[in-house]
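Bear in mind these aren't lab numbers, they're just calculated from the coordinates by the rules spelled out. Quick caveat: nothing in here was measured; it's all calculated off a predicted structure. Using ideal geometry, Cβ is built from the backbone for each residue, glycine included, and neighbour counts are taken over all protein chains shown.
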Amino acid sequence: MRLIVQGRTFAFLLPTNQLERALEVISEIPDPLATELSDDERMGEVDYKDLPVPTAAGIYGDLVDRKKLPGPSVGYGSISFQTHAPISRSEAAYAIEVLFAWNGVAFERVGEKEFRLIPAPEPGQSSPVQTNR
């Protein structure tokens, strides 16, 4: 296992065999550096354990104020993440984007208020990930 620290907010504990892919994914998704946060942006601590992909996608949609559209099947696994300090809504959305990307799933914006899950491109290819930040 290897601990990767990103910015002042995130630390990821990864199996060594996933390290190269994880570092490439992290480099392609912008890191939200929250400074002064409005009350609407504050979220608090997070403790998501074994969230099914559809549930995690729904939470992501709530965080970025977008509705999930049907799309290609991207798997039915689960994700987990936990914080030990308060984070913002943008940081929580970022964490979900990274966890999904590590598992080969990207978020694609559709219009102004919707998104769909799609297979993520291989590292080095152009990314369809379009964040709401």
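Once the chain from Ser80 to Val110 is taken as fully extended at 0.36 nm per residue, the excess over their C-alpha distance is 8.2 nm. Backbone amide hydrogens, once placed in the peptide plane, bring Ile87 within less than 5 Å of Met43, Gly44, Glu45, excluding anything fewer than 5 places away on its chain. For the pair Glu24 and Asp62, the difference between a 0.36 nm per residue extended length and the Cα-Cα distance amounts to 11.0 nm. Across the stretch 105-118, coupling constants 3J(HN,Hα) worked out from phi with the 6.51/-1.76/1.60 Karplus curve, θ = phi - 60°, read 10, 10, 9, 10, 5, 9, x, 8, 9, 9, 8, 9, 8, 9 Hz, and Gly and Pro carry x. Taking θ as phi - 60° and the Karplus parameters 6.51, -1.76 and 1.60, the scalar couplings of the stretch 42-55 work out to 5, 10, x, 7, 10, 9, 9, 10, 6, 6, x, 3, x, 5 Hz in sequence order, x denoting glycine and proline. Would you tally the net charge around Glu114, using a Cβ to Cβ cut-off of less than 12 Å, leaving Glu114 out, and scoring K and R as +1, D and E as -1? So the surrounding residues net to +3. If r is the Cβ-Cβ distance from Arg2 to Lys49 and R0 is 30 Å, what FRET efficiency results, to the nearest 0.05? FRET efficiency, Arg2 to Lys49: 0.85.
The H on the amide N of Lys67, modeled in the peptide plane, is under 5 Å from the matching H of Glu114, Phe115, each at least 5 residues off or on a different chain. Tell me the net charge near Val105. Cut-off is 11 Å between Cβ atoms, Val105 excluded, with +1 for each Lys or Arg and -1 for each Asp or Glu. Net charge in that neighbourhood comes out at -1.
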